[in-house]
Amino acid sequence: MIESSSVEIVSSFIWGEMILLRAMLQSISVIAVIMTALSGCMFGPGTGEKVYELLEKSAKTEQTFVKLQQQLTDKETKEEQLYEKIINLDMNHFEQMVSMSKEAKQLAADRENLIKQERDVIDKAYEQFREIVPLVKNAKDEQLKAKGEAMIETMQHRHDAFSDLTEIYLRSVKLDRELYDMLQKKETEQSALKKQVAEINEAYKQILSKNKDFNAYTKKYNKLKKAFYEQAGLDVKYEQGE
């Protein structure tokens, strides 16, 4: 039979990092643009407008990602609150521990669904973005072409970082759900809990690293996009704060 101290070991779980992680994820900013001038010498007729439309279409697609991110953060907050209650219970309240663990496990399942939806949104936005590749390749201005290629490369790295982040996040959710199952069994040994917590913590370290990469590439991309518009001769108006 598991003793109270066995359950309390889980208090070493750095649960708060998950909340910080999701708060730090960034989407490509949607830039409100009013096109008042276009230099046609760097692209063929109408091509500049087409590139702009594709880039902003991709950015707007990611707004769904922002909404999903908020939902995911809400789930994480509720799950964290449950977890804090669980680790403060002793074996005299085992039935309550079981009930809360089941509820927390469902929240983890909800998070799994939301992160998969986020991945679908990012993938869709990326495919829309990739439509500019042949247009950049045929750009007449070499400086513009170079800026476009840098933007494309950065977006590729960003997409790869999010793919890696999603893969690790899904693995961590699986580990979380396993932990909740363990907390519902009186026979769970302290050593097993320690091992599970160690695996969870290692997964979150990897998530935080990939999250840092994702944020850095997002910031770099936004700067490159502005530079690209300027080089293309597009007269644009950005939203406040851009």
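The values are calculated or read from the model by the stated rules, or taken from the named source; none is laboratory data. Just so we're clear, the structure is a prediction, and the values are computed from it rather than from any experiment. Note: ideal-geometry Cβ built from the backbone for every residue, glycine included; neighbour counts use all protein chains shown. All accessible areas refer to the heavy atoms of the entire protein, side chains included, with ligands and DNA or RNA removed. Shrake-Rupley method; radii C 1.70, N 1.55, O 1.52, S 1.80 Å.
With K and R counted +1 and D and E -1, the other residues having a Cβ less than 13 Å from that of P134 yield a net charge of +2. Among the GluC sites (Glu not before Pro) within segment 107-201, which fall in a DSSP loop and have no more than 12 other Cβ atoms within 10 Å of their own Cβ? Answer in residue order: E187.
At 1.4 Å probe size, with no ligands or nucleic acids counted, give the accessible surface of S163 in Å², nearest ten. Its accessible surface works out to 50 Å², give or take rounding.
Distance between the C-alpha centres of segment 177-242 and segment 114-148: 21 Å, rounded to the whole angstrom.
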